[in-house]
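Each remark here refers to the structure printed beneath this line.
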Amino acid sequence: MNRPSSQPATWDREKQNYQARLARGAALASGRKVSADDIVRLLEAVIEPGDRVCIEGNNQKQADFLAKSLARTDPALVRELHLVQSVLALPEHMDLIEQGQVSRVDFSFSGQQAGRLATLVEQGRIKIGAIHTYLELFGRYFVDLTPKVALIAAQMADRDGNLYTGPNTEDTPAIVEAAAFKNGIVIAQVNEVVEKLPRVDIPADWVDYFVKAPTPHYIEPLFTRDPAQITEIQILMAMIAIKGLYAEYGITSLNHGIGFDTAAIELLLPTYAAELGLKGKICTNWALNPHPTMIPAIEAGFVQSIHSFGSEVGMERYIAARPDIFFVGRDGSMRSNRAFSQVAGHYACDLFIGSTLQIDLAGNSSTATKGRISGFGGAPNMGSDARGRRHASPAWLRAGREARPHAVMPRGQKLVAQIVETSREHMQPAFVERLDAWDLAESSGMELPPVMIYGEDVTHIITEEGIAHLLRCETPEEREQAIRGVAGYTQVGLARDRRMVENLRDRGIIRYPRDLGIDKRMATRDLLAARSIKDLVLASGGLYNPPKHFRNW
Amino acid sequence: MNVKPINYFEASARTRIACLVDPESFTEFCPPELRHISPHLVRLNAPVAFDDGVMVGRARLAGHPVLIASQEGKFNGGAVGEVHGAKLRGLLDKALIERPVAVLLLVDSGGVRLHEANAGLIAISELMRAILRTQSAGIPVFALIGGSCGAFGGMGIVSRLCTEVIISEQGRIGLSGPEVIETVKGVDEFDSRDRALVWRITGGKVRRALGDATRLVGDDIGAFRAATAELLDKHAGRPLNSSDLDDLTAAHSNLSIRAQRYDTARDGRIIFQEAGFTELESVALLPVDDFNRQLEGSP
Amino acid sequence: MEQFVMNFTVTNRLATTPSPRVCGVVSSGNLEVLVESGEPEDTCRIDVHTPAEGFRDIWSAVLRDFVERQPVGGVRITINDAGATPAVVSLRLDQAIDFFRSEKP
């Protein structure tokens, strides 16, 4: 009834609106180029109240200059925004909320702002639509959360506005694809404007404006773990993972979560795993950021391929020199792509293994703590069975047989392992009866407790006590005892039924280091292929150039 | 025998001694079972260590009798408290009686222990005096520096009083720590998170280039042992005579010249440049042997 | 700081009386373990000094399992803890007792 029948139907109102915005911005730009001094006014000109805005923020690359500029706009003009973006990591993102310019957010991960975000939610100053996984949010970009304005970060632009996003391409293609083809405004901040780009990652006609930022966009070296901090306990858990899981199932395609536990596994590949004769048999193909701790395994010939979500600061020259391993453009620099790598991790990998903070008796695993809304990132997609998977592999088929021994219809299963020391310092338990996620959901008014990985998807739990093959359990009671059986001296572990645990051990559902033929006393730092960042630099032949604050020479 | 190198940086104070001296030659004074713990830490309800973070004793190195102390950098940052300081000072006093070829101080310390600052400060001053007294009795004192805490605060001064300073490139010598300087003077004065800068100012290579350290070795206890053995051979044949006023005056005048020469230096790069290094960006990664060769080959 | 002593009765006695041994370092998340001879031959006495208060039941479970693994009598073990996890405590105790027993008489 909105449209009187006498008028012809209009099907391009969005397009007209897009053109009106461009017309308002025209005076502030020279072609697509905008000067840094005009960017605040440009944002005020092209953004309308209520717009869905994506300020590109990944867990590494940040469109920080555009975020700062947006925070400097007039709140009378730029208001009621709905942020739709992967990461809320910058203080400016929170400033925008505090200034009343943003009224709603849909996101995946909040990292360092988790505490401030929780406070703003509790104060009722921001409404969270939902906390997504990366893929889920990207999916919604093409359904009901399409950004009207995309503020993105690229390394370089040429004069026409073609962009080079280079090794840290990350989320950019997904965001631009959604905005540019649905009448959205795409504004890029670039570190430099050059005559000729190394390669074109985003063509100019998908870009409306670009601005040279006064300082290069910030990149967090999120995946760098200093081998000097890896403990004997982490090495023991890595030995259990390699012998009790990787070798057991012959896992060749995999993704590692971030952390020291998985870094320890990576550094044990050229030593412990090689001694077990596993080279070429495990860990050949990866969906993984270019972890510096992978260098020794790559150099030892363990690895055949790595596709990456993003890059890692300091790894650029090393990656460029190893094009057989990494995905490298014809210009010689790496190209990453979070959306594709997430798909790879979900559908094409047999194993995900990652650390966590808390695991409950059903195997639900969460990193949520009260007073911090930190979100998910990509782990739930990596760490869940891919029900749509139809290609077989030995590891996947075996996991499926073990999980459903009596099923008539054969099907595989993704291996999802959680690796965690039973207690943190000062006896803080990793195993709990009730996840803190419940409290957080209550205090923040969430519809669901923020669970990182659901128990039904977790096939294995590895602790310093041993490995629990949850997928081999036949009843929920067995599953609970299998978890208690590796929960060590936590209350959960102390309350185990010793007879049931022994029974599970006899059936190979729980395996302790001695059952695997692992001598705990072997778990020393001597097993690490690199014991310091400098060892990694040397292993790379000087190609790895670590961030300044990781050096001690 | 093919011996795997043992990181000096990572090793505990006990492992350092065990791997540095001749096998089975070490006798510990005030061993852990005597429980000479810090009364101050007890009063403050803080964790204590049976050796108060330093072990002292007698040993042989390449056959030479030595007295030796090793600070545990992981216990309260190797900081010097009352008991800790008394053990070090007692060791130097003992040297006057036993007359070893040298006293070896394996320094790994941020300086005075804040929990017992007055006692610690007094201990440091006693330690400085004891080192001078030991040297003036003709017994050299060596500082070995390659732990995570380096040699800072009072222990930085103590180290510079030593006859020989053997350092690894991970080792550091300084007075105020980088974090302290940043806190007091701001990040523009010293960005303590820029660890490459921190090492260009305080690290083993720049200290060697400046002459603050007499030997630069790799991060391997075997390398520390080899350098120490060589210097013990040298000193065993030629007893120390540091009471010579001419030597002292010469040392002071050299320091004045150095202070003038580097008056405006804001970065270790300038020191490396003056020391004859041409590829300044690659100095940090230069293997120790190549660094020593280039340094000693320079005018 | 919490301090307590636990005594365990054990059957295995030491053939020798090795000299005292210390293992580990008192640093954050870590501990030192001193092992000495001299207790009655059917006794393993363990003194614990820990900054983490209120975890005595966990300590007693960890120590009980240790004595079950390594039933050595005639020894006194003293622990200076700085917030170590049970896993680290168990590992260090095993290392300390191995070290203590390995020593030549």
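Bear in mind these aren't lab numbers, they're just calculated from the coordinates by the rules spelled out. Values in this document were obtained by computation on a predicted structure and should not be read as measured data. All Cβ positions, even for glycine, are placed from backbone atoms using ideal geometry, and neighbour counts span all protein chains on display.
What percentages, rounded to whole numbers, describe P(r) for the stretch C:2-102 computed over all alpha carbon pairs with 10 Å bin width beginning at zero?
It works out to 16, 55, 26, 3, in whole percents.
If you put +1 on each Lys and Arg Cβ and -1 on each Asp and Glu Cβ, how big is the dipole of the stretch C:1-104 around its Cα centre, in Debye rounded to 20? Write down the numbers at each step before the final one.
Details: 10 positive and 15 negative charges, 51 e Å.
So the magnitude is around 240 debye.
Could you tell me the center-to-center distance, by alpha carbons, between the stretch B:122-190 and the stretch B:11-47 in angstrom?
After rounding, the separation between the Cα centres reads 20 Å.
Under 8 Å for C-alpha pairs, at least 6 residues apart: give me the relative contact order for the stretch A:21-212, rounded to a whole percent. Before the final figure, lay out the partial values.
Values: 409 pairs, mean separation 42.7, N = 192.
For the stretch A:21-212, the relative contact order is 22 percent.
Which percent, to the nearest 5, of DSSP beta bridges fully inside chain C are antiparallel?
About 75 percent, rounded to the nearest 5.
Mind sorting B:L285, A:L117 by how few other Cβ atoms lie within 10 Å of their own Cβ, fewest first? Don't skip to the answer; put the middle values down first.
Numbers: B:L285 16, A:L117 25.
Placing the least packed residue first, the sequence is B:L285, A:L117.
How do A:E98, B:E28 line up, fewest other C-beta atoms within 10 Å first? Can you show the working numbers first?
Working: A:E98 15, B:E28 18.
Least crowded to most crowded, the residues run A:E98, B:E28.
Give me the inter-chain shielding for B:194-201: mean count of other chain Cβ atoms within 10 Å, whole number please.
Numbers: counts 4, 9, 8, 3, 4, 4, 1, 0.
Across B:194-201, the average partner-chain Cβ count within 10 Å equals 4.
Under 10 °C and 1.306 mPa s, how fast does chain A diffuse according to Stokes-Einstein, given a Kirkwood radius computed over C-alpha pairs? Answer in µm²/s, whole number.
Working: Rh = 24.8 Å.
Calculated translational D: 64 µm²/s.
If I model a spin label at B:D289 and B:A250 as a point 7 Å from the Cα along the Cα→Cβ vector, what separation in nanometres do I get?
3.2
So what's chain B giving for Rg/Rh, alpha carbon basis, Kirkwood Rh from the mean inverse pair distance?
Details: Rg = 18.7 Å, Rh = 19.6 Å.
So for chain B, dividing Rg by the Kirkwood Rh gives 0.96.
For all pairs of alpha-carbon atoms in the stretch B:116-156, what percent lies in each bin of width 5 Å, listed from the first bin to the last filled one?
Over the stretch B:116-156, the share of Cα pairs per 5 Å bin runs 6, 20, 23, 22, 21, 8, 1 percent.
In 10 Å bins starting at zero, report the fraction of Cα pairs in the stretch B:131-213 per bin as a rounded %.
Whole-percent P(r) values from 0 Å outward: 19, 46, 26, 8, 1.
Would you mind ranking A:E447, A:E442, A:E44 so that the residue whose beta carbon has the fewest other beta carbons within 10 Å leads the list? Please list the in-between numbers first.
On the way: A:E447 6, A:E442 11, A:E44 19.
Ascending Cβ contact count within 10 Å gives the list A:E447, A:E442, A:E44.
Tally Lys and Arg at +1 and Asp and Glu at -1 over the other residues with C-beta under 11 Å from the C-beta of B:L286: what net charge comes out? Mind showing how you got there, number by number?
Details: positive: B:K205, B:R293; negative: B:E169, B:E279, B:E281, B:D289, B:D290.
Combined, the nearby Lys, Arg, Asp and Glu give -3.
Among A:P216, A:P449, A:W396, whose Cα projects farthest towards the positive end of the dipole of chain A, with charges put on the beta-carbon of Lys, Arg (+1) and Asp, Glu (-1)?
Most positive-ward Cα: A:W396.
Hey, what did chain A get for relative contact order, percent, Cα under 8 Å, at least 6 apart?
Values: 1222 pairs, mean separation 74.7, N = 553.
Relative contact order comes out at 14 percent.
Of B:G177, B:G85, B:G211, which is the most mobile in a GNM of chain B whose springs link Cα atoms less than 10 angstrom apart?
B:G211
If you average the sequence gap of Cα pairs under 8 Å that are 6 or more apart and divide by the length of the stretch A:227-537, what percent do you get for the contact order? Please report the intermediate quantities before stating the final value.
Numbers: 618 pairs, mean separation 65.0, N = 311.
Taking the mean separation of contacting Cα pairs over the length of the stretch A:227-537, I get 21 percent.
Whole Å is fine, so just give me how far the alpha carbon centre of the stretch B:71-96 lies from that of the stretch A:486-551.
Here the answer is 36 Å between Cα centres.
Using the Karplus curve 6.51 cos²θ - 1.76 cosθ + 1.60 with θ = phi - 60°, what ³J(HN,Hα) values do you get for each residue of the stretch B:51-64, in whole Hz, with x for Gly and Pro?
9, 6, x, 8, 10, 10, x, 10, 7, 10, 10, 6, x, 7
If the viscosity is 1.306 mPa s and the temperature 10 °C, what Stokes-Einstein diffusion coefficient in µm²/s follows for the stretch A:1-73 when Rh is the Kirkwood radius over Cα pairs?
Values: Rh = 14.6 Å.
Answer, rounded: 108 µm²/s.
Tabulate in residue order the Karplus-calculated ³J(HN,Hα) for the stretch A:397-409, using 6.51 cos²θ - 1.76 cosθ + 1.60 with θ = phi - 60°, rounded to whole Hz; enter x for Gly and Pro.
For the stretch A:397-409, the Karplus curve yields 5, 5, 4, x, 4, 5, 6, 9, x, 9, 5, 6, 8 Hz.
Could I have the simple spin-label model distance between B:Q273 and C:R13, label points 7 Å from Cα toward Cβ, reported in nm to one decimal?
Label-label distance for B:Q273 and C:R13, simple model: 7.6 nm.
Calculate, in nm to one decimal, what A:F142 and A:S103 gain on full extension: separation in residues at 0.36 nm each, minus their alpha carbon distance. Intermediate results must be reported in sequence, preceding the final value.
Values: separation 39, 0.36 × 39 = 14.04 nm, distance 2.15 nm.
Once the chain is fully extended between A:F142 and A:S103, it gains 11.9 nm.
Amide H neighbours of A:K33 under 5 Å, counting only residues 5+ apart in sequence or on other chains, H built in-plane at 1.01 Å?
Placed amide hydrogens put A:F210 under 5 Å from A:K33.
Within a 10 angstrom radius of each residue's Cβ in C:19-27, how many Cβ atoms of other chains show up on average? Whole number is fine. Please list the in-between numbers first.
Numbers: counts 2, 5, 2, 9, 2, 4, 10, 13, 10.
Across the residues of C:19-27, the mean count of other-chain Cβ atoms within 10 Å is 6.
For the protein assembly as shown, what is the charge dipole size about the Cα centre, in debye to the nearest 20, if Lys and Arg each add +1 at the Cβ and Asp and Glu each add -1 at the Cβ? Write down the numbers at each step before the final one.
Details: 105 positive and 119 negative charges, 197 e Å.
Here the size comes out at about 940 debye.
Given just the C-alpha atoms of the stretch A:227-537, how large is their convex hull per residue in cubic angstrom? Don't jump to the answer; show the numbers that get you there.
On the way: hull volume 44.4 nm³, N = 311.
Output value, Cα hull per residue: 143 Å³.
On a C-alpha basis, how far is the centre of the stretch C:1-67 from the centre of the stretch A:251-311 in Å? Whole number, if you could?
The distance from the Cα centre of the stretch C:1-67 to that of the stretch A:251-311 comes to 39 Å.
Going by the alpha-carbon gyration tensor, a ≥ b ≥ c the square roots of its eigenvalues, is the protein assembly as shown rounded (a/c under 1.5) or, if a/c is not under 1.5, prolate (a/b greater than b/c) versus oblate? List each step's numbers first, then the result.
Numbers: a/c = 2.14, a/b = 1.38, b/c = 1.55.
Because a/c hits 1.5 or more and a/b fails to exceed b/c, the protein assembly as shown counts as oblate.
Among A:V87, A:L42, A:Q60, flag the residue with its Cα farthest along the positive direction of the charge dipole of the stretch A:14-106, charges on Cβ as +1 for Lys/Arg and -1 for Asp/Glu.
Ranked along the dipole, the leading option is A:L42.
Just tell me which aspartates and glutamates come within less than 15 Å, Cα to Cα, of A:K196; anything on the same chain fewer than 8 places away is out.
Cα-Cα hits under 15 Å: A:D158, A:D160, A:D331.
Counting only pairs 8 or more residues apart or on different chains, how many lysine pairs in the stretch A:227-537 have their Cα atoms under 25 Å apart?
Lysine pairs satisfying the spacing and distance rule in the stretch A:227-537 number 9.
Return the distance in nm (one decimal) between the two label points of a simple spin-label model at A:L538 and A:D506, each offset 7 Å from Cα along Cα→Cβ.
5.1
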